[in-house]
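The values are calculated or read from the model by the stated rules, or taken from the named source; none is laboratory data. Values in this document were obtained by computation on a predicted structure and should not be read as measured data. Cβ sites come from the backbone with ideal geometry, for glycine too, and all protein chains shown count toward neighbours. When the accessible area is computed, the model is the full protein with side chains, heavy atoms only, and any ligands, DNA or RNA have been set aside. Shrake-Rupley method; radii C 1.70, N 1.55, O 1.52, S 1.80 Å.
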Amino acid sequence: MAAASPAAAAPVTRELAAFVAGLQADRLSPELRERTRFLVLDLVGNIVRGRHDAESTAPLLAAARALGFGAGSSAVFGDSARYTPAGAALLNGALAHSLDFDDTHAAGSLHPGAPVIPAALAAAEMAGADGRTVLVGIVAGYEVTCRLALALPAGDHYDRGYHPTATCGAFGAAAAAARVFGLDAERVEHAFGIALSQAAGSLQFLANGAWTKRFQVGWSATNGLVAATLAREGFRGASEALEGKAGFLRAYAPNPVPERALQGLGSEWELMNTAVKPYPSCRYGHASVDAALALRAEHGLKAEEIEAVTVGLPAKGMLLIGAPLDYKRNPQNVVDGQFSGPFVVACALARGHFGWDSYAWLQDADIRRLMALTVCEQDPEIEAEFPANMSGKVTLRARGGQEFVRKVVVPKGEPANFLTEAELRAKFHGLCDAVLGKERAAQLADAVLELERAADVNGMMRLGAPLMSARLAGE
(Lines give C-alpha, C1' and ligand atoms only; values in the text may rest on other atoms or scores of the structure.)
Protein backbone atom coordinates (compact mmCIF):
# COMPACT_ATOMS: atom_id res chain seq x y z
CA MET A 1 0.00 0.00 0.00
CA ALA A 2 1.36 3.42 -0.93
CA ALA A 3 2.46 5.64 1.92
CA ALA A 4 0.40 8.71 2.70
CA SER A 5 1.67 11.82 1.00
CA PRO A 6 3.35 14.46 3.16
CA ALA A 7 0.60 16.90 2.20
CA ALA A 8 -2.09 14.52 3.43
CA ALA A 9 -0.24 14.02 6.70
CA ALA A 10 -0.12 17.73 7.47
CA PRO A 11 -2.74 19.86 5.67
CA VAL A 12 -1.05 23.05 6.80
CA THR A 13 -2.50 25.35 4.15
CA ARG A 14 -6.10 24.31 4.76
CA GLU A 15 -5.80 24.42 8.56
CA LEU A 16 -4.10 27.82 8.63
CA ALA A 17 -6.62 29.22 6.16
CA ALA A 18 -9.51 28.01 8.31
CA PHE A 19 -7.86 29.52 11.37
CA VAL A 20 -7.40 32.89 9.66
CA ALA A 21 -10.93 33.03 8.27
CA GLY A 22 -12.52 31.94 11.52
CA LEU A 23 -10.53 34.02 13.99
CA GLN A 24 -12.76 36.30 16.05
CA ALA A 25 -11.95 39.02 18.57
CA ASP A 26 -13.78 37.21 21.36
CA ARG A 27 -11.22 34.40 21.11
CA LEU A 28 -8.43 36.80 21.99
CA SER A 29 -7.65 37.38 25.65
CA PRO A 30 -7.35 40.94 27.00
CA GLU A 31 -3.61 40.33 27.44
CA LEU A 32 -3.24 39.27 23.80
CA ARG A 33 -5.22 42.27 22.54
CA GLU A 34 -3.14 44.63 24.68
CA ARG A 35 0.13 43.13 23.47
CA THR A 36 -1.03 43.49 19.87
CA ARG A 37 -1.72 47.20 20.39
CA PHE A 38 1.71 47.58 21.98
CA LEU A 39 3.33 45.96 18.94
CA VAL A 40 1.45 48.28 16.60
CA LEU A 41 2.62 51.28 18.64
CA ASP A 42 6.20 50.11 18.44
CA LEU A 43 6.06 49.59 14.68
CA VAL A 44 4.39 52.94 13.98
CA GLY A 45 7.19 54.72 15.83
CA ASN A 46 9.74 52.96 13.65
CA ILE A 47 7.90 53.96 10.47
CA VAL A 48 7.67 57.63 11.42
CA ARG A 49 11.39 57.96 12.14
CA GLY A 50 12.42 55.70 9.27
CA ARG A 51 10.52 57.97 6.88
CA HIS A 52 12.87 60.82 7.84
CA ASP A 53 16.19 59.35 9.01
CA ALA A 54 16.93 56.23 6.99
CA GLU A 55 19.39 56.91 4.19
CA SER A 56 17.46 54.57 1.89
CA THR A 57 14.20 56.52 2.18
CA ALA A 58 14.74 59.19 -0.51
CA PRO A 59 15.39 56.76 -3.40
CA LEU A 60 12.66 54.45 -2.11
CA LEU A 61 10.11 57.28 -2.21
CA ALA A 62 11.33 58.48 -5.60
CA ALA A 63 10.96 55.00 -7.06
CA ALA A 64 7.51 54.55 -5.52
CA ARG A 65 6.34 57.79 -7.11
CA ALA A 66 7.93 56.93 -10.46
CA LEU A 67 6.04 53.64 -10.43
CA GLY A 68 2.73 55.43 -9.88
CA PHE A 69 2.39 54.45 -6.21
CA GLY A 70 1.95 58.12 -5.27
CA ALA A 71 -1.47 58.42 -6.88
CA GLY A 72 -3.76 57.09 -4.18
CA SER A 73 -5.49 57.78 -0.87
CA SER A 74 -3.63 55.44 1.51
CA ALA A 75 -1.39 56.80 4.26
CA VAL A 76 2.26 56.32 5.15
CA PHE A 77 3.22 57.24 8.70
CA GLY A 78 5.50 60.25 8.91
CA ASP A 79 4.44 61.42 5.42
CA SER A 80 1.83 63.99 4.41
CA ALA A 81 1.47 62.53 0.90
CA ARG A 82 -0.95 59.74 -0.01
CA TYR A 83 -0.23 56.56 -1.93
CA THR A 84 -1.94 53.61 -3.56
CA PRO A 85 -2.71 50.73 -1.17
CA ALA A 86 0.15 48.68 -2.61
CA GLY A 87 2.48 51.66 -2.34
CA ALA A 88 1.48 52.34 1.27
CA ALA A 89 2.05 48.70 2.22
CA LEU A 90 5.47 48.78 0.55
CA LEU A 91 6.57 52.03 2.14
CA ASN A 92 5.20 51.40 5.62
CA GLY A 93 6.76 47.93 5.58
CA ALA A 94 10.15 49.07 4.31
CA LEU A 95 10.27 52.08 6.62
CA ALA A 96 9.27 49.91 9.60
CA HIS A 97 12.35 47.79 8.98
CA SER A 98 14.73 50.58 7.94
CA LEU A 99 16.04 51.33 11.42
CA ASP A 100 16.27 47.64 12.39
CA PHE A 101 14.43 48.71 15.54
CA ASP A 102 11.26 46.68 14.89
CA ASP A 103 9.93 43.67 16.79
CA THR A 104 11.50 40.20 16.72
CA HIS A 105 10.49 36.58 17.25
CA ALA A 106 13.49 34.69 18.62
CA ALA A 107 12.54 31.12 17.79
CA GLY A 108 11.47 32.11 14.28
CA SER A 109 14.47 34.43 13.89
CA LEU A 110 12.42 37.11 12.15
CA HIS A 111 10.55 40.42 12.45
CA PRO A 112 6.84 39.67 12.10
CA GLY A 113 5.37 43.14 12.52
CA ALA A 114 6.99 44.89 9.54
CA PRO A 115 5.27 42.84 6.81
CA VAL A 116 2.04 42.10 8.69
CA ILE A 117 0.89 45.41 10.20
CA PRO A 118 1.31 47.55 7.03
CA ALA A 119 -0.63 45.00 4.99
CA ALA A 120 -3.44 44.94 7.54
CA LEU A 121 -3.65 48.76 7.64
CA ALA A 122 -3.62 49.12 3.84
CA ALA A 123 -6.37 46.51 3.59
CA ALA A 124 -8.35 48.36 6.26
CA GLU A 125 -8.15 51.60 4.31
CA MET A 126 -9.33 49.75 1.20
CA ALA A 127 -12.22 48.05 2.96
CA GLY A 128 -13.19 50.68 5.54
CA ALA A 129 -12.65 48.09 8.27
CA ASP A 130 -12.99 48.94 11.92
CA GLY A 131 -10.12 48.79 14.39
CA ARG A 132 -11.31 45.59 16.01
CA THR A 133 -11.17 43.78 12.67
CA VAL A 134 -7.71 45.18 11.98
CA LEU A 135 -6.46 43.95 15.34
CA VAL A 136 -7.77 40.43 14.62
CA GLY A 137 -6.12 40.49 11.18
CA ILE A 138 -2.81 41.48 12.73
CA VAL A 139 -2.98 38.59 15.20
CA ALA A 140 -3.71 36.18 12.32
CA GLY A 141 -0.76 37.55 10.36
CA TYR A 142 1.66 37.18 13.26
CA GLU A 143 0.58 33.58 13.84
CA VAL A 144 1.04 32.59 10.21
CA THR A 145 4.41 34.37 9.85
CA CYS A 146 5.94 32.95 13.02
CA ARG A 147 4.54 29.45 12.67
CA LEU A 148 5.91 29.09 9.15
CA ALA A 149 9.33 30.15 10.38
CA LEU A 150 9.15 27.49 13.09
CA ALA A 151 8.10 24.85 10.57
CA LEU A 152 10.98 25.50 8.15
CA PRO A 153 12.79 25.81 10.67
CA ALA A 154 14.30 29.28 10.33
CA GLY A 155 17.89 28.11 10.87
CA ASP A 156 17.80 25.82 7.84
CA HIS A 157 16.11 28.57 5.85
CA TYR A 158 18.93 30.96 6.81
CA ASP A 159 21.51 28.41 5.75
CA ARG A 160 20.02 28.48 2.25
CA GLY A 161 20.45 32.25 2.17
CA TYR A 162 16.81 33.25 2.68
CA HIS A 163 15.54 36.13 4.80
CA PRO A 164 12.55 34.70 6.71
CA THR A 165 11.03 38.08 7.57
CA ALA A 166 10.44 38.62 3.87
CA THR A 167 9.61 35.06 2.84
CA CYS A 168 7.39 33.99 5.74
CA GLY A 169 6.17 37.56 6.00
CA ALA A 170 4.52 37.43 2.59
CA PHE A 171 2.18 34.71 3.86
CA GLY A 172 1.58 36.53 7.13
CA ALA A 173 0.76 39.73 5.26
CA ALA A 174 -1.63 37.78 3.04
CA ALA A 175 -3.30 36.32 6.13
CA ALA A 176 -3.65 39.73 7.77
CA ALA A 177 -5.12 41.39 4.67
CA ALA A 178 -7.40 38.42 3.96
CA ARG A 179 -8.83 38.52 7.48
CA VAL A 180 -9.37 42.29 7.26
CA PHE A 181 -11.18 41.73 3.96
CA GLY A 182 -13.30 39.03 5.61
CA LEU A 183 -12.37 36.28 3.15
CA ASP A 184 -13.67 32.77 3.74
CA ALA A 185 -11.28 29.86 4.25
CA GLU A 186 -11.27 28.85 0.59
CA ARG A 187 -10.23 32.31 -0.53
CA VAL A 188 -7.59 32.53 2.20
CA GLU A 189 -6.15 29.31 0.75
CA HIS A 190 -6.05 30.99 -2.65
CA ALA A 191 -4.30 33.98 -1.10
CA PHE A 192 -1.64 31.66 0.31
CA GLY A 193 -1.28 30.04 -3.12
CA ILE A 194 -0.76 33.44 -4.71
CA ALA A 195 1.69 34.52 -2.02
CA LEU A 196 3.73 31.39 -2.79
CA SER A 197 4.61 32.88 -6.18
CA GLN A 198 5.97 35.99 -4.48
CA ALA A 199 7.81 34.76 -1.38
CA ALA A 200 11.36 36.11 -1.73
CA GLY A 201 14.13 37.60 0.34
CA SER A 202 17.90 37.10 0.34
CA LEU A 203 20.57 37.48 3.02
CA GLN A 204 23.06 38.70 0.41
CA PHE A 205 22.53 42.23 1.76
CA LEU A 206 25.09 41.28 4.42
CA ALA A 207 27.88 41.40 1.83
CA ASN A 208 27.85 45.17 1.43
CA GLY A 209 25.27 46.72 3.76
CA ALA A 210 22.66 46.79 0.98
CA TRP A 211 19.27 48.39 1.48
CA THR A 212 17.54 45.34 -0.01
CA LYS A 213 16.84 44.00 3.48
CA ARG A 214 14.45 46.89 4.04
CA PHE A 215 12.93 46.77 0.58
CA GLN A 216 12.21 43.04 0.56
CA VAL A 217 10.32 43.29 3.85
CA GLY A 218 8.19 46.14 2.52
CA TRP A 219 7.67 44.25 -0.70
CA SER A 220 6.44 41.23 1.25
CA ALA A 221 3.75 43.45 2.79
CA THR A 222 2.72 44.48 -0.72
CA ASN A 223 2.88 40.87 -1.91
CA GLY A 224 0.53 39.78 0.85
CA LEU A 225 -1.89 42.61 0.16
CA VAL A 226 -1.85 41.82 -3.57
CA ALA A 227 -2.38 38.11 -2.90
CA ALA A 228 -5.38 38.76 -0.65
CA THR A 229 -6.85 41.27 -3.12
CA LEU A 230 -6.52 38.85 -6.02
CA ALA A 231 -8.14 36.12 -3.95
CA ARG A 232 -10.94 38.50 -2.95
CA GLU A 233 -11.65 39.11 -6.62
CA GLY A 234 -11.82 35.40 -7.41
CA PHE A 235 -8.28 34.72 -8.67
CA ARG A 236 -7.16 31.13 -8.15
CA GLY A 237 -3.97 30.35 -6.26
CA ALA A 238 -1.93 27.15 -6.04
CA SER A 239 -3.31 24.48 -3.72
CA GLU A 240 -1.24 23.04 -0.86
CA ALA A 241 0.86 26.18 -1.10
CA LEU A 242 2.65 25.54 2.18
CA GLU A 243 3.08 21.77 2.51
CA GLY A 244 2.92 20.63 -1.13
CA LYS A 245 5.80 18.99 -3.01
CA ALA A 246 6.73 22.33 -4.56
CA GLY A 247 5.17 24.34 -1.76
CA PHE A 248 6.87 26.86 0.44
CA LEU A 249 8.14 24.63 3.25
CA ARG A 250 9.66 21.92 1.04
CA ALA A 251 11.06 24.25 -1.59
CA TYR A 252 12.68 26.68 0.83
CA ALA A 253 14.25 24.36 3.43
CA PRO A 254 15.75 20.84 3.34
CA ASN A 255 14.00 19.26 6.32
CA PRO A 256 10.81 21.12 7.21
CA VAL A 257 8.41 20.04 9.91
CA PRO A 258 5.05 21.14 8.46
CA GLU A 259 3.01 20.00 11.44
CA ARG A 260 4.93 22.44 13.65
CA ALA A 261 2.97 25.26 12.03
CA LEU A 262 -0.24 23.82 13.50
CA GLN A 263 1.01 23.00 16.99
CA GLY A 264 -1.20 24.68 19.57
CA LEU A 265 -2.96 26.70 16.86
CA GLY A 266 -5.62 28.85 18.45
CA SER A 267 -4.52 28.14 22.01
CA GLU A 268 -0.82 29.03 21.98
CA TRP A 269 -0.08 32.46 20.55
CA GLU A 270 3.26 33.13 18.88
CA LEU A 271 2.45 36.83 18.96
CA MET A 272 2.97 36.64 22.72
CA ASN A 273 6.45 35.25 22.02
CA THR A 274 7.36 38.37 20.05
CA ALA A 275 9.85 40.84 21.52
CA VAL A 276 10.30 44.59 21.18
CA LYS A 277 13.78 45.97 20.62
CA PRO A 278 15.24 48.50 23.04
CA TYR A 279 18.21 48.98 20.64
CA PRO A 280 18.12 49.71 16.87
CA SER A 281 20.28 46.83 15.68
CA CYS A 282 20.24 43.10 14.96
CA ARG A 283 18.55 41.31 17.86
CA TYR A 284 21.42 38.83 18.15
CA GLY A 285 23.54 41.59 19.69
CA HIS A 286 21.06 42.86 22.28
CA ALA A 287 21.91 40.50 25.12
CA SER A 288 25.55 41.48 24.70
CA VAL A 289 24.62 45.17 24.81
CA ASP A 290 22.66 44.50 28.01
CA ALA A 291 25.70 42.68 29.42
CA ALA A 292 28.10 45.47 28.43
CA LEU A 293 25.88 48.15 29.96
CA ALA A 294 25.54 46.14 33.17
CA LEU A 295 29.32 45.62 33.49
CA ARG A 296 30.01 49.29 32.81
CA ALA A 297 27.50 50.43 35.42
CA GLU A 298 28.34 47.84 38.06
CA HIS A 299 32.10 48.34 37.97
CA GLY A 300 32.32 51.97 36.85
CA LEU A 301 34.39 50.94 33.85
CA LYS A 302 35.74 53.58 31.52
CA ALA A 303 36.54 53.00 27.86
CA GLU A 304 40.24 53.73 28.32
CA GLU A 305 40.52 51.02 31.01
CA ILE A 306 39.36 48.22 28.70
CA GLU A 307 42.10 46.02 27.23
CA ALA A 308 40.15 43.24 25.50
CA VAL A 309 36.52 42.33 24.80
CA THR A 310 35.04 38.94 23.93
CA VAL A 311 31.45 38.72 22.74
CA GLY A 312 29.94 35.25 23.10
CA LEU A 313 27.21 34.40 20.59
CA PRO A 314 25.21 31.47 19.21
CA ALA A 315 26.16 30.19 15.76
CA LYS A 316 23.35 32.07 14.00
CA GLY A 317 24.41 35.22 15.79
CA MET A 318 27.97 34.73 14.56
CA LEU A 319 26.62 34.49 11.01
CA LEU A 320 24.90 37.85 11.27
CA ILE A 321 26.95 40.03 13.65
CA GLY A 322 30.19 38.20 14.42
CA ALA A 323 31.92 37.13 11.21
CA PRO A 324 34.01 37.85 9.30
CA LEU A 325 35.65 39.60 12.23
CA ASP A 326 37.73 42.11 10.24
CA TYR A 327 34.58 43.28 8.44
CA LYS A 328 32.53 43.47 11.63
CA ARG A 329 35.27 45.54 13.29
CA ASN A 330 35.16 48.11 10.49
CA PRO A 331 31.54 49.18 9.85
CA GLN A 332 31.25 51.93 7.28
CA ASN A 333 27.51 52.62 7.22
CA VAL A 334 24.38 52.14 9.30
CA VAL A 335 23.61 48.66 7.98
CA ASP A 336 27.17 47.56 8.72
CA GLY A 337 26.77 48.94 12.24
CA GLN A 338 23.41 47.27 12.78
CA PHE A 339 25.06 43.93 12.04
CA SER A 340 28.32 44.49 13.91
CA GLY A 341 28.69 42.92 17.34
CA PRO A 342 31.92 44.86 17.96
CA PHE A 343 30.22 48.18 17.16
CA VAL A 344 27.10 47.82 19.31
CA VAL A 345 29.08 46.52 22.29
CA ALA A 346 31.71 49.24 21.89
CA CYS A 347 29.00 51.91 21.93
CA ALA A 348 27.52 50.47 25.11
CA LEU A 349 30.92 50.32 26.81
CA ALA A 350 32.14 53.72 25.68
CA ARG A 351 28.94 55.77 26.01
CA GLY A 352 26.73 53.88 28.43
CA HIS A 353 23.80 53.64 26.04
CA PHE A 354 22.94 52.59 22.49
CA GLY A 355 20.20 54.26 20.44
CA TRP A 356 19.39 55.39 16.93
CA ASP A 357 21.65 58.44 17.24
CA SER A 358 24.60 56.17 18.11
CA TYR A 359 25.26 55.58 14.41
CA ALA A 360 26.85 59.02 14.34
CA TRP A 361 29.74 57.35 16.20
CA LEU A 362 30.77 54.97 13.41
CA GLN A 363 34.09 56.79 12.97
CA ASP A 364 34.53 57.86 16.61
CA ALA A 365 38.08 57.21 17.85
CA ASP A 366 37.03 55.66 21.18
CA ILE A 367 34.55 53.36 19.45
CA ARG A 368 37.12 52.38 16.82
CA ARG A 369 39.70 51.54 19.51
CA LEU A 370 37.25 49.28 21.35
CA MET A 371 36.14 47.55 18.15
CA ALA A 372 39.77 46.73 17.37
CA LEU A 373 40.04 45.06 20.81
CA THR A 374 36.86 43.00 20.35
CA VAL A 375 36.54 39.40 19.19
CA CYS A 376 33.29 37.52 18.61
CA GLU A 377 33.12 33.78 19.18
CA GLN A 378 30.58 31.01 19.26
CA ASP A 379 30.04 30.30 22.94
CA PRO A 380 28.79 26.80 23.90
CA GLU A 381 26.99 28.19 26.92
CA ILE A 382 25.14 30.71 24.78
CA GLU A 383 24.50 28.17 22.02
CA ALA A 384 22.74 25.96 24.56
CA GLU A 385 20.17 28.72 25.13
CA PHE A 386 19.32 29.02 21.42
CA PRO A 387 16.75 29.14 19.85
CA ALA A 388 14.60 29.60 22.94
CA ASN A 389 16.63 32.70 23.82
CA MET A 390 18.87 35.09 21.91
CA SER A 391 21.37 35.14 24.76
CA GLY A 392 24.81 36.70 24.91
CA LYS A 393 27.91 37.04 27.04
CA VAL A 394 30.55 39.73 27.35
CA THR A 395 33.97 39.05 28.87
CA LEU A 396 36.20 42.06 29.50
CA ARG A 397 39.85 42.31 30.43
CA ALA A 398 40.52 45.68 32.05
CA ARG A 399 42.50 47.51 34.71
CA GLY A 400 45.72 45.56 34.31
CA GLY A 401 44.28 42.17 33.42
CA GLN A 402 41.22 41.89 35.69
CA GLU A 403 38.43 39.83 34.13
CA PHE A 404 34.79 40.91 34.19
CA VAL A 405 32.06 38.60 32.85
CA ARG A 406 28.34 39.03 32.39
CA LYS A 407 25.92 36.58 30.73
CA VAL A 408 22.41 37.70 29.78
CA VAL A 409 19.99 34.90 28.98
CA VAL A 410 16.83 36.93 28.31
CA PRO A 411 17.57 40.34 26.80
CA LYS A 412 15.42 43.35 27.60
CA GLY A 413 12.29 43.44 25.47
CA GLU A 414 11.80 39.68 25.23
CA PRO A 415 8.37 38.38 26.29
CA ALA A 416 9.70 37.30 29.68
CA ASN A 417 11.38 40.71 30.10
CA PHE A 418 8.96 42.87 28.12
CA LEU A 419 8.87 46.65 28.04
CA THR A 420 6.23 48.39 30.13
CA GLU A 421 3.72 50.72 28.50
CA ALA A 422 5.72 53.65 29.87
CA GLU A 423 8.93 52.28 28.32
CA LEU A 424 7.17 51.68 25.01
CA ARG A 425 5.81 55.21 25.02
CA ALA A 426 9.28 56.55 25.81
CA LYS A 427 10.74 54.69 22.85
CA PHE A 428 7.87 55.92 20.66
CA HIS A 429 8.39 59.55 21.66
CA GLY A 430 12.14 59.21 21.22
CA LEU A 431 11.46 58.27 17.60
CA CYS A 432 8.44 60.45 16.79
CA ASP A 433 8.71 63.75 18.64
CA ALA A 434 11.37 65.11 16.28
CA VAL A 435 9.10 64.44 13.30
CA LEU A 436 5.57 65.04 14.57
CA GLY A 437 6.11 67.24 17.58
CA LYS A 438 5.49 66.02 21.12
CA GLU A 439 1.76 66.82 21.23
CA ARG A 440 0.87 65.21 17.91
CA ALA A 441 3.05 62.19 18.70
CA ALA A 442 1.13 61.75 21.96
CA GLN A 443 -2.16 61.94 20.08
CA LEU A 444 -0.95 59.30 17.63
CA ALA A 445 0.18 57.03 20.46
CA ASP A 446 -3.21 57.34 22.13
CA ALA A 447 -5.00 56.58 18.86
CA VAL A 448 -2.91 53.45 18.30
CA LEU A 449 -3.56 52.19 21.81
CA GLU A 450 -7.30 52.84 21.28
CA LEU A 451 -7.28 51.07 17.89
CA GLU A 452 -9.64 48.33 19.00
CA ARG A 453 -12.41 50.87 19.66
CA ALA A 454 -12.02 52.84 16.42
CA ALA A 455 -14.79 52.81 13.80
CA ASP A 456 -12.08 52.90 11.13
CA VAL A 457 -8.35 53.55 10.91
CA ASN A 458 -8.59 56.87 9.08
CA GLY A 459 -8.23 59.13 12.13
CA MET A 460 -5.20 57.23 13.37
CA MET A 461 -3.57 57.33 9.94
CA ARG A 462 -4.14 61.10 9.64
CA LEU A 463 -2.35 61.67 12.94
CA GLY A 464 0.72 60.03 11.43
CA ALA A 465 1.20 62.91 9.00
CA PRO A 466 3.53 65.65 10.30
CA LEU A 467 2.22 69.18 10.65
CA MET A 468 4.05 71.79 8.59
CA SER A 469 5.63 73.31 11.68
CA ALA A 470 6.91 69.97 12.93
CA ARG A 471 8.49 68.64 9.74
CA LEU A 472 12.19 68.07 9.59
CA ALA A 473 14.31 69.92 7.07
CA GLY A 474 14.95 68.28 3.75
CA GLU A 475 11.37 67.40 2.79
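The figures follow:
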{"read-out": "Residue ID - farthest from GLY113 (Cα to Cα), chosen from residues in the stretch 276-302 that are modelled with pLDDT of 95 or more and of a type in the set (Gly, Ala, Ser)", "value": "GLY300"}
{"read-out": "Filter result for VAL405 (within 19 Å of ALA292 (Cα to Cα), in a strand (DSSP E or B), of a type outside the set (Lys, Arg) and open to solvent by 70 Å² or more (accessible area, probe 1.4 Å))", "value": "yes"}
{"read-out": "Condition check for LEU61: farther than 21 Å from ALA140 by Cβ, touching a helix residue (DSSP H, G or I) at 6+ places or on another chain (Cβ under 9 Å) and of a type in the set (A, V, I, L, M, F, W, C)", "value": "yes"}
{"read-out": "Whichever residue in the stretch 326-354 is of a type in the set (S, T, N, Q) and touching a residue at least 60 places away in the same chain (Cβ under 8 Å) and, among such residues, is most open to solvent (accessible area, probe 1.4 Å)", "value": "GLN332"}
{"read-out": "ASP357, sole failed condition from (1) under 30 Å from GLN443 (Cα atoms); (2) free of Cβ contacts under 8 Å to residues at least 24 places away in the same chain; (3) open to solvent by less than 60 Å² (accessible area, probe 1.4 Å)", "value": "(3)"}
{"read-out": "Where LYS412 falls short, out of the listed (1) open to solvent by less than 50 Å² (accessible area, probe 1.4 Å); (2) under 30 Å from GLY312 (Cα atoms)", "value": "(1)"}
{"read-out": "Single residue of ARG296, ARG368 found to be part of a helix (DSSP H, G or I) and free of Cβ contacts under 8 Å to residues at least 40 places away in the same chain", "value": "ARG368"}
{"read-out": "Within the stretch 13-29, considering residues that are out of contact with any Lys or Arg (no Cβ under 9 Å at 6 or more places or on another chain) and not in a helix (DSSP H, G or I), the one least open to solvent (accessible area, probe 1.4 Å)", "value": "LEU28"}
{"read-out": "Test: residue in the stretch 57-72 that is at pLDDT 95 or above, within 24 Å of ARG453 (Cα to Cα), within 21 Å of the chain's Cα centre (by Cα) and not charged (D, E, K, R)", "value": "no"}
{"read-out": "Search result, residues across the stretch 181-209 that are of a type in the set (Val, Ile, Thr) and open to solvent by less than 10 Å² (accessible area, probe 1.4 Å)", "value": "VAL188"}
{"read-out": "Failed item, numbered, when GLY172 is tested on (1) surrounded by 24 or more Cβ atoms within 10 Å (Cβ to Cβ); (2) without any contact (Cβ under 8 Å) to a residue 40 or more places away in the chain; (3) farther than 30 Å from PRO331 by Cβ", "value": "(2)"}
{"read-out": "The stretch 379-400, residues that are in a helix (DSSP H, G or I) and either among the charged types (D, E, K, R) or open to solvent by 30 Å² or more (accessible area, probe 1.4 Å) (or both)", "value": "PRO380, GLU381, GLU383"}
{"read-out": "Residues (within 16 Å of the chain's Cα centre (by Cα) and not in a helix (DSSP H, G or I)) located in the stretch 114-172", "value": "TYR162, HIS163"}
{"read-out": "Residue satisfying condition, being surrounded by fewer than 21 Cβ atoms within 10 Å (Cβ to Cβ) and part of a helix (DSSP H, G or I), within set LEU32, LEU90", "value": "LEU32"}
{"read-out": "Residue in the stretch 208-230 that is out of contact with any Phe, Trp or Tyr (no Cβ under 8 Å at 6 or more places or on another chain), free of Cβ contacts under 8 Å to residues at least 40 places away in the same chain and assigned to a loop (DSSP other than H, G, I, E, B) present", "value": "yes"}
{"read-out": "Top-ranked residue in the stretch 93-106 [being assigned to a loop (DSSP other than H, G, I, E, B) and open to solvent by less than 10 Å² (accessible area, probe 1.4 Å); ranked as nearest to ALA287 (Cα to Cα)]", "value": "ALA106"}
{"read-out": "Scope the stretch 107-122; condition surrounded by 24 or more Cβ atoms within 10 Å (Cβ to Cβ), within 23 Å of TRP269 (Cα to Cα) and of a type in the set (A, V, I, L, M); matching residues", "value": "LEU110, ALA114, VAL116, ILE117, ALA119, ALA120, LEU121"}
